[in-house]
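Enquirer: Would you mind keeping the following structure in view while I ask a few things?
Values in this text are rule-based calculations from the coordinates and carry no lab data. This one's a predicted model, so the numbers in the text were calculated from it and none came from an experiment. So basically every Cβ, Gly included, is an ideal-geometry build from the backbone, and we count neighbours across all protein chains shown.
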Amino acid sequence: MMNKQNNSQKEITETWSLDSVKAIIVGSFATMFEWYDYALYGYFSPIIAKLFFPAADPYSSIMMTFAVFAVSFLIRPLGAIVFGYIGDQLGRRYALSLSVVLMAFPTALIGLLPTYNDVGLLAPILLIILRLIQGLAVGGNYGGAFVYVIEHAPKNKKGLAGSCLMVGTIGGILLGSATSSVFTWALTQESLLLWGWRLPFVFGLFATVAGWYIKKSIPETASFKANSTTQTGFQKLPIIDILKHYKRQVFFSILSILPDVIGIYTMFFFMTTYLTEIIGWKANVALTMNTVNLGVMVVLIPFFGYLSDYIGGRKIMKAVSISFVLCAVPCFLMLSQSDGGVLAVFAQTVFAISIAAYYGAMPATIVMIFPAKIRYSASAFSFNVAAALFGGTAPWICTFLIKHMNILIAPAFYLVLTGIVSFLALMKLKK
């Protein structure tokens with residue numbers, strides 16, 4: 001009788017339920033809309049630089065734009081703490097739903113902002129405020145959304161489940177890149193500067209539908225229900241317990257996440273500005289290449305997530321760290337000496353494959369390090385501290401390195417360092 005019960009329990013925990021499939025699909029779409037909203041700023045950076053940060057020196061204009069890009073990341077750990085409290089005390093789905101809705105409104109408002117020529121310094125100030133609100137919302141989603149999806153998955157499919165959410169993340173970035181590419185191809189530069197850039201931001205309001213659906217139609221995870229400490233009144237913030245008892249796991253998790261945040265923000269957010277403003281490519285060519293390689297990532301991420309369930313996520317992540325060390329300099333040499341040919345596409349594709357592998361293996365590897373009672377807070381905090389310190393600053397650092405080292409391949413050195421540090425951190429990362 002006992003054996004039958006054990007076999008039944010094993011069958012339940014190792015097969016997909018309707019609720020788990022629904023949670024993964026809806027969670028991925030919600031994440032896609034949220035990252036579409038967040039990614040638009042990066043892809044329209046050359047236009048935003050001209051409209052909100054005009055300067056005689058193009059490098060100064062770009063660096064001010066990327067400084068605002070970085071500022072929005074600084075508040076993300078605060079978003080992780082606030083939404084982590086909601087996620088660990090009140091429920092994963094409430095935190096995820098609220099973060100998606102909170103992202104939609106400031107995105108739409110960015111599309112309605114007056115420019116520097118209209119209101120002077122008030123324009124960049126308003127832009128910074130709205131980017132900070134966006135950063136707060138992403139801080140509640142990135143990391144926490146992984147927890148929601150992975151906890152819904154069968155125990156031997158958590159790598160695949162986490163990778164599906166990364167498809168949503170990259171799908172949102174891809175949607176932002178594709179939208180930017182379409183508008184760049186379809187409109188003249190004058191129309192794009194005058195009104196065209198605004199429409200993709202306004203479209204971000206559609207994310208509110210996904211946020212509402214999560215709250216109304218998707219169940220809470222079993223892990224939260226089993227470990228819930230929800231009580232009446234204010235409870236101690238989980239981050240206090242995390243920083244007291246789980247410092248080691250958080251520290252090495254942050255360093256292990258570096259190929260994610262530095263890789264994507266260097267090779268896909270900074271890359272369009274690098275190719276158009278520094279190398280001299282046409283914007284539509286750079287955005288099209290970017291969009292195609294993001295599509296490559298979307299296809300490959302679930303494969304590596306599936307693979308991680310069988311060979312282990314850390315093995316894949318270590319291999320990617322090594323690829324950063326070996327491939328960064330050759331790839332940037334090809335990019336810096338090309339005007340859009342096959343070699344340039346190949347160079348970015350190499351990193352598209354590497355980052356896809358990391359994205360497939362990383363979510364479940366990091367999330368399952370932490371116990372369920374503080375998992376939402378700890379995961380969100382780790383992901384967002386890494387993003388705040390190293391991801392949001394990556395485009396600015398790359399521009400700074402090129403300007404002061406006077407070497408077009410200078411960003412490659414940053415990627416090599418990223419690979420070394422992450423490999424050493426993965427050696428120390430333990431459950």
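Enquirer: Report, in deg cm²/dmol and to the nearest 500, the calculated mean residue ellipticity at 222 nm for the chain, where each DSSP H run with n ≥ 4 adds -39500 (n - 2.57) and the sum is divided by the residue count.
Expert: -25000 deg cm²/dmol
Enquirer: Can you tell me the length gained on complete extension of the stretch Val325 to Lys403, counting 0.36 nm per residue apart and subtracting the Cα distance?
Expert: Full extension of this stretch gives 25.8 nm more.
Enquirer: Using a 10 angstrom cutoff on alpha carbons, build the Gaussian network for the chain and name the most mobile of Glu190, Glu277, Glu151.
Expert: Top of the fluctuation ranking is Glu190.
Enquirer: Among the listed pairs Lys318/Lys373; Lys244/Lys373; Lys315/Lys430, give every one whose C-alpha distance is greater than 21 Å.
Expert: With Cα atoms farther than 21 Å apart: Lys318/Lys373.
Enquirer: Compute a Gaussian network model of the chain, connecting alpha carbons closer than 10 Å, and tell me which residue from Leu205, Leu136, Leu96 fluctuates the most.
Expert: Leu205
Enquirer: Using a basic spin-label model with each label point 7 Å from the Cα along Cα→Cβ, how many nm lie between Lys430 and Tyr116?
Expert: It is 5.3 nm.
Enquirer: Where in the chain lies the longest segment free of chymotrypsin sites (Phe, Trp or Tyr not before Pro) that are both loop residues by DSSP (not H, G, I, E, B) and have at most 16 other Cβ atoms within 10 Å?
Expert: The answer is 17-233.
Enquirer: A further question on this structure: Span-like helices, the chain: DSSP H, alpha-carbon axial extent 20 Å or more, mean Kyte-Doolittle 0.5 or greater, which ones?
Expert: 18-43, 58-74, 92-110, 122-141, 158-186, 283-311, 313-336, 342-367, 410-428
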